[in-house]
Amino acid sequence: MTGAGGARHVVHVAVAAPLPTTLTYLWLADLGDAPPPGCQVLCPLGTRTVTGVVVSVASEVVSAERDLVVPEAEDAALPPRRQGPGAAEHGVLAARTGPRGSIGGGRLRPLAGLVDVAPVIDPGLLQVLLRAAAYYRAPPGELVRAALPPGAPLAAARVATLTGAGRAALEARRGDSLLGEPDRGDADGQLLARLAAADTALADLAPKDRSRLWRLAGEGLVEVRDLPPQARVRARVERRAALTAAAPAADAAELRRTPARARLLAALRDGPLPTPVLTERLGPGATALLRALVEAGHARIDEREVDRDPHAADAPPRDAAPEAAPPPTPAQAAALEMLGAALAAGEPRAVLLHGVTGAGKTEVYLRTIALARAQQRPALVLVPEIALTPQLVAVFRRRFGDQVAALHSGMSDGERFDEWRRLRDGRAAIAVGARSAVFAPLRNLGVVVIDEEHDASFKQEEGVRYDARDIALARARADHAVAILGSATPRLETWQEAASGRLALVELPERATPRPLPDVEVVDLRRPEERPARGSWLGPRLRAALAEAIGGGGGGQAILFINRRGYASIALCRSCGTALGCPRCDVTLTFHRDIERLLCHYCGEAQRLPDRCPTCTSGRPELLGMGTERIAAEVEEAVPGARVVRLDRDAAARRGVAAILRRFRDGEVNVLVGTQMVTKGHDFPRVTLVGVVAADMSLRIPDFRAGERTFQLLLQVAGRAGRGTVPGRVVVQAFMPEHPAIACARTHDFHSFARAELEVRRARGYPPFGRLAMYRISAEREADARNAAEALARAAARVAAAHGITVLGPAPAPIARVRNRHRWQLLLRAPSRAALGDALTAVAAAQVPIPPRAQVNLDVDPQSML
């Protein structure tokens, strides 16, 4: 799309920087054809050069003679003004009004060139991301950046070197010094000497040296330039040795003369081998022998790209024979008939697959994806936890082989890069992964699966606060795909959408195996005979059930759930009542016995347990409360034959989730104690008992979803029991057994819980009967955070009546200080999505002055009130 003469084009770019809008640049004719949407380009931004993704190219050609001042409705390639409710340390989260979010006038700057000649993001996905950025009031470049291939360059490397004048100045300083080098007190000379050795990255310099460098550059002694951006990750190249046609046969005489050479020839007779394999088989001398064969023309060494396999140890080989599908149950067959019809119609369709735990939802996913693959359409499968990915990848590989690729943040950059390329190139067509997999490079999707769709971990809680569940649904709509939201405990928002007809509802009311749902016993800890002994957390009924489940040599296993890490949640002085707290956060420190440290789970502060109370110096603080470490220790001490492993964030960081689950699956251990990581999607046939140590702990959280989350956790963890040939049993310890979340979980009754909870939500205007947005304000000084929150609240109050919204707050956050930053919150509640959007736009347009020291983040549709 080039014009004659000095023609140039207007290009809109989502820049990899926290800017509230796309920016507009010129594409000069001497760079070639204008890049299509989805291409990465080099963009000058202030004094830097960064990368960006082309969003659109203007249809008109701008002549060389045209005035290049940006019209009022265009975006100038200039940094935004740092003000308004979106001004934040990590990005401007609210754009000013106007077409494409204009941020002021200025002259267009030309783009510096291309990073990739072909689009790295499919235009269809790009449009979904731009709409999501507008909805979440997020910087478009930040959301688009999430879809770039792992290791993609984000900015040019800025380096400095000496000019001729700079070298002359350095030599003069050396000549004036007795030591032949600039004096130690000569900071300018020391910096010039450092720059003389080699190009020096500005990022490697201390702030004072960078300031000094710019002054020296202004004096003509230093040159600063940008190097082309380089990807951090490259394809893995494997060197392989192979025989040529001239290779001699390894006869008996050859074996006697040079046995090592003969063994090398024999090893290569069966085909090419990677050179590391030859060294491993034949020893280090193989390298010299191979070199001699190559020089003689009897062998050659080729290089080829090979893919890194992130799940080689946990899943069948990619080239394994496909596994036959089991016959569907009647309920599965009915679900598949409806899903197949929707897929054949080619119309976008969203379906809630509501099935009890163990009902065979995964089999419905597999068969529906097989129908999409028959149409040559790919599939996207999202799971809520990285811990579930290896298990699901193994299941999908057994059915689809090398068509499956995994994507999640627990993989290395190289592994994710290879899987991303396999999906982009069409060598794989089924992406399985956690939240970040929603950006997988798939086009013309046939099926989108959101497994355990209720899970809050689909919401990104830092940076750009997007919900992967909703972006996945948007991708399905854009590609006219079938979207399946699967859960035994769906979000109440999803359930209400199905009740109102906006989603189709398919139910799987029974387990796919002959085993029924497990019996759930609720133990009332208020009764003296049910209470644990002093210093214990396992009541007599749960302790006896554990001994029965794992005793007798039957190979039984048990899962214990406690949603708290560590050994003791409080270190308390009995004399003065002081609970040891984090010096930077308003939380108590948790004692971890395996490392003998008090830890803050918010900022990472670590301390030794003091011998004396730091307040009254009386005696050593007492360890109270419990967590996974304490429960694991108690089980080992109290239950004969117990072999215990923990699964929580701490244990996973040290040993790896897959390794822990493998030990449990293989029967090496028979009791798994863990946080909510044990509740989701695991299928262990030998688990006959699930114990919940303190069921009502999560009911005390200041969040209107506390009851819903508690019910979901209880029903999900209960569903881990009784999936094999032995009936399951669930023992739930609670102080409030009459609470609806616990009472309904006892009978596996989702429908009754949903009816009761929805009535409460309707009366209060909370989702699904209203929409929410949360401003989160933080600052090192409490007054700055409070003043910013109050200024935002005043602006919201001025537009509240016009848009029908309710302003709640401002108020300190439930955890009022984290990492030495004071936190305030302001909640906007609206009757509809449109009303909420209009209100947010009006607040943004008010340009509320925010102190530079305060950080404001906007969270649309927040999943956490903390």
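Mind telling me which of the residues ALA652, ALA606, ALA632 ends up being surrounded by 19 or more Cβ atoms within 10 Å (Cβ to Cβ), within 27 Å of ALA387 (Cβ to Cβ) and at pLDDT 90 or above?
Only one candidate passes the filter, namely ALA632.
Please find, among THR368, THR357, the residue that is surrounded by 20 or more Cβ atoms within 10 Å (Cβ to Cβ) and part of a helix (DSSP H, G or I).
After applying the criteria, what remains is THR368.
Is it the case that VAL807 is over 22 Å from PRO852 (Cα atoms) and surrounded by fewer than 22 Cβ atoms within 10 Å (Cβ to Cβ)?
So VAL807 fits the description; yes.
Identify, by number, the condition in (1) over 25 Å from the mean Cα position of the chain (by Cα); (2) open to solvent by less than 10 Å² (accessible area, probe 1.4 Å); (3) without any contact (Cβ under 8 Å) to a residue 40 or more places away in the chain that ILE660 doesn't meet.
Of the numbered conditions (1) over 25 Å from the mean Cα position of the chain (by Cα); (2) open to solvent by less than 10 Å² (accessible area, probe 1.4 Å); (3) without any contact (Cβ under 8 Å) to a residue 40 or more places away in the chain, the odd one out for ILE660 is (1).
Among the candidates PHE684, PHE704, PHE664, which residue alone is of a type outside the set (Val, Ile, Thr), within 16 Å of GLU385 (Cβ to Cβ) and assigned to a loop (DSSP other than H, G, I, E, B)?
PHE684
Only one of these is in contact (Cβ under 8 Å) with a residue 12 or more places away in the chain, open to solvent by 10 Å² or more (accessible area, probe 1.4 Å) and of a type in the set (Val, Ile, Thr): VAL449, VAL438, VAL464. Name it.
Only one candidate passes the filter, namely VAL464.
With respect to ALA379, determine if the residue is open to solvent by 30 Å² or more (accessible area, probe 1.4 Å) and modelled with pLDDT of 95 or more.
no
With respect to ALA785, determine if the residue is in a strand (DSSP E or B), touching a residue at least 60 places away in the same chain (Cβ under 8 Å), on the phi < 0 side of the Ramachandran plot and small (Gly, Ala, Ser).
Judged against the criteria, ALA785 is not a match.
Please verify whether the stretch 615-625 includes one or more residues that are within 15 Å of ASP594 (Cβ to Cβ) and either at pLDDT below 90 or touching a strand residue (DSSP E or B) at 6+ places or on another chain (Cβ under 9 Å) (or both).
Within the stretch 615-625, one or more residues are within 15 Å of ASP594 (Cβ to Cβ) and either at pLDDT below 90 or touching a strand residue (DSSP E or B) at 6+ places or on another chain (Cβ under 9 Å) (or both).
If you scan the stretch 419-435, which residues turn out to be touching a residue at least 60 places away in the same chain (Cβ under 8 Å), part of a helix (DSSP H, G or I) and surrounded by 24 or more Cβ atoms within 10 Å (Cβ to Cβ)?
Hits for the stretch 419-435 are GLU419, TRP420.
Kindly provide the set of residues from the stretch 735-782 that are charged (D, E, K, R) and touching a residue at least 24 places away in the same chain (Cβ under 8 Å), ordered by number.
Listed by number, the residues that qualify are ARG746, GLU757, ARG761, ARG764, ARG771, ARG776, GLU780, ARG781, GLU782.
Is it the case, given these coordinates, that GLU303 is of a type outside the set (Ser, Thr, Tyr), surrounded by fewer than 16 Cβ atoms within 10 Å (Cβ to Cβ) and over 30 Å from ALA718 (Cβ atoms)?
Yes; evaluated as a whole, the condition is true for this residue.
What residue, among those in the stretch 590-601 that are modelled with pLDDT of 90 or more and of a type in the set (A, V, I, L, M), is surrounded by the most Cβ atoms within 10 Å (Cβ to Cβ)?
Per the stated criteria, the residue is LEU598.
Based on what the data block shows, is GLY566 in a loop (DSSP other than H, G, I, E, B), of a type in the set (Gly, Ala, Ser) and surrounded by 16 or more Cβ atoms within 10 Å (Cβ to Cβ)?
The answer is yes for GLY566.
Please work out which residue is nearest to LEU293 (Cα to Cα), limiting yourself to the stretch 225-243 and to residues that are open to solvent by 40 Å² or more (accessible area, probe 1.4 Å) and in contact with a Lys or Arg (Cβ under 9 Å, 6 or more places away or on another chain).
Among residues in the stretch 225-243 that are open to solvent by 40 Å² or more (accessible area, probe 1.4 Å) and in contact with a Lys or Arg (Cβ under 9 Å, 6 or more places away or on another chain), the one nearest to LEU293 (Cα to Cα) is ARG240.
Search the stretch 528-563 for residues being in contact with an Asp or Glu (Cβ under 7 Å, 6 or more places away or on another chain) and among the hydrophobic types (A, V, I, L, M, F, W, C), and hand back the single one that is surrounded by the fewest Cβ atoms within 10 Å (Cβ to Cβ).
Among those residues, the one meeting the criterion is TRP537.
Anything in the stretch 813-837 that is surrounded by 17 or more Cβ atoms within 10 Å (Cβ to Cβ) and closer than 25 Å to ALA763 by Cα? List them, or say none.
Hits for the stretch 813-837 are ALA813, GLN825, LEU826, LEU827, LEU828, ARG829, ALA830, ALA835, LEU836, GLY837.
What pairs come out if I take residues in the stretch 337-352 that are within 8 Å of VAL482 (Cα to Cα) and pair them with residues that are open to solvent by 70 Å² or more (accessible area, probe 1.4 Å) and assigned to a helix (DSSP H, G or I) whose C-beta lies under 9 Å away, six or more apart or interchain?
Between residues of the stretch 337-352 that are within 8 Å of VAL482 (Cα to Cα) and residues that are open to solvent by 70 Å² or more (accessible area, probe 1.4 Å) and assigned to a helix (DSSP H, G or I), the close pairs are LEU339/LEU371; LEU343/LEU371; PRO348/ARG477; ALA350/ARG477.
The values are calculated or read from the model by the stated rules, or taken from the named source; none is laboratory data. Everything quoted here is computed from the prediction, not taken from an experiment. Positions of Cβ are backbone-derived with ideal geometry, glycine not excepted, and every protein chain shown enters the neighbour counts. Calculation scope for accessible area: heavy atoms of the full protein, side chains included, ligands and nucleic acids excluded. Shrake-Rupley method; radii C 1.70, N 1.55, O 1.52, S 1.80 Å.
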